[in-house]
Amino acid sequence: MGFVQTDGCRLYYERHGQGPAIAFCHGAGSNAATWWQQVPYFARRFTCLTLDQRCFGRSRAAAHTLGWEALVADLLAVLDAEGIERVALVCQSLGGGLGLRFALAHPQRVRALVSSGSSMGIDLPEARTSVARYLASAEGGRVEQRALGPAFQDSASAFAFLYQQINGFNPLVLERAGAELRSQLAALNSEAVAVPLEQLRRVACPVLLMGGEFDPLMPPALIRAVSAHFPRAQAAVVAGCGHSPYFERPAEFNGQVERFLDQASSAHSIASSSIRGRSP
C-alpha cells in the first residue's frame with residue numbers, strides 16, 4: 001500500500017499479487033476496500049491494484065477537483081508509480097466512466113476493459129436519464145446502498161451491512177462534503193462531458209459490459225444497448241442481483257471476469273503470433 005501525489009490529491013492505492021496487472025476502479029458510493037472479494041481471488045494469478053479515487057476513502061481532495069481528466073490522470077500516476085505498462089481495467093459504476101476515458105486517452109496501456117453497472121458517461125440520453133434519476137433519489141452515503149438487490153438485502157443482511165459500512169468511509173456521508181460531491185457527480189453524468197457514441201468505435205481492446213438483473217441505474221436492456229456501440233464488446237447479465245454483482249454475486253462475477261481476461265489474453269497472443277509470422 002502507498003500514496004502517490006497527483007494534482008491536488010494524495011492518492012491512496014494498494015498492490016497485491018503477481019502476474020498481468022488488473023486495476024480495480026470503484027463506484028461513486030465506494031472505495032478500494034469494496035474489492036475485498038476480488039483481490040484474494042485474482043491475486044493468485046494477477047497483480048491487483050486497488051485505489052481510492054480522489055474524494056473517496058483515504059484520497060482526500062477538494063470536491064471541485066473531481067472531474068474525468070483528473071480521474072484519468074490519477075490512474076495513470078498509479079500505473080507509472082508501479083512501473084506497469086499495460087493493464088486490464090475492472091470497473092464498477094462511476095469507475096466505468098473512468099475506464100472508458102482511460103482506454104480512449106491511453107489505448108496502448110489497456111489490454112482489456114470490464115465495466116459493471118455503468119453508463120460510462122456516454123452520450124446516450126436514456127442512460128444519462130436513468131443515472132440522473134437515481135442520483136436525485138439517493139441520499140448521502142446511500143448512493144450505492146439503495147441499489148443492492150432486494151433478495152441480497154433479505155438473505156445476506158450481514159454482507160449488506162458490510163457494504164454500507166465500506167461506503168461509510170467516504171466524505172459522501174458528511175453533510176457538507178456530500179452535497180458538494182453529489183453536485184460534482186451529477187456534473188460527471190451531464191451531456192456536456194459525455195463521450196460521443198462514435199468515439200466508442202475507437203476502443204480497440206476487448207470490452208465486457210456487465211450488469212445486474214435488477215440494477216435500477218443500468219438495467220439489462222441498457223447494458224446491451226451500450227455494448228452494441230463497441231467494436232469488440234460482449235454483454236453479461238448477472239441474475240438475481242442489483243447494481244453491484246461484484247459484491248452480491250462475487251463467485252459468478254469473478255469467474256466471468258477471469259474467463260474474459262483469459263480470452264482477451266489468448267486473442268492478443270494469437271494476433272501477435274500472426275503478425276510475427278508474416279513474411280516481410
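The values are calculated or read from the model by the stated rules, or taken from the named source; none is laboratory data. Predicted model only: the values in this text are computed from it and were never measured. Methodologically, a virtual Cβ is constructed for each residue, glycine included, from the backbone with ideal geometry; neighbour enumeration extends over all protein chains shown.
Assorted remarks:
- Residues satisfying the stated conditions in the range 181-205, i.e. assigned to a loop (DSSP other than H, G, I, E, B) and either out of contact with any Asp or Glu (no Cβ under 6 Å at 6 or more places or on another chain) or of a type in the set (Lys, Arg) (or both): Asn189, Ser190, Val203, Ala204, Cys205
- All of Arg54, Arg58, Arg44 fail the test of being farther than 16 Å from Arg15 by Cβ and either out of contact with any helix residue (DSSP H, G or I) (no Cβ under 9 Å at 6 or more places or on another chain) or basic (Lys, Arg) (or both), apart from Arg54.
- Check on Leu208, in a helix (DSSP H, G or I) and either surrounded by 21 or more Cβ atoms within 10 Å (Cβ to Cβ) or touching a Pro at 6+ places or on another chain (Cβ under 7 Å) (or both): no
- Residue match in the range 131-141 (condition: at pLDDT 95 or above, touching a Pro at 6+ places or on another chain (Cβ under 9 Å) and more than 23 Å from Cys9 (Cα to Cα)): no
- Among the candidates Ser269, Ser244, residue that is at pLDDT 90 or above, out of contact with any His (no Cβ under 7 Å at 6 or more places or on another chain) and among the hydroxyl-bearing types (Ser, Thr, Tyr): Ser244
For (1) closer than 20 Å to Asn31 by Cα; (2) exposed (fewer than 15 other Cβ atoms within 10 Å of the Cβ); (3) among the aliphatic types (A, V, I, L, M), each residue gets a yes or a no:
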residue: Ser183; (1), (2), (3): yes, yes, no
residue: Arg202; (1), (2), (3): no, yes, no
residue: Ala235; (1), (2), (3): no, no, yes
residue: Ser265; (1), (2), (3): no, no, no
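- Filtered by the rule that a residue be closer than 24 Å to Leu104 by Cα, of a type outside the set (Val, Ile, Thr) and in contact with a strand residue (DSSP E or B) (Cβ under 8 Å, 6 or more places away or on another chain), the range 223-255 gives Arg224, Ser227, His229, Phe230, Arg232, Ala233, Gln234, Ala235, Ala236.
- Flag if Ala151 is modelled with pLDDT under 90 and more than 18 Å from Leu71 (Cβ to Cβ): yes
Quick grid of which residues meet (1) modelled with pLDDT under 90; (2) among the aromatic types (Phe, Trp, Tyr); (3) over 18 Å from the mean Cα position of the chain (by Cα):
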site	(1), (2), (3)
Pro171	yes, no, yes
Leu185	yes, no, no
Gln234	no, no, no
Gly240	no, no, yes
Glu258	no, no, no
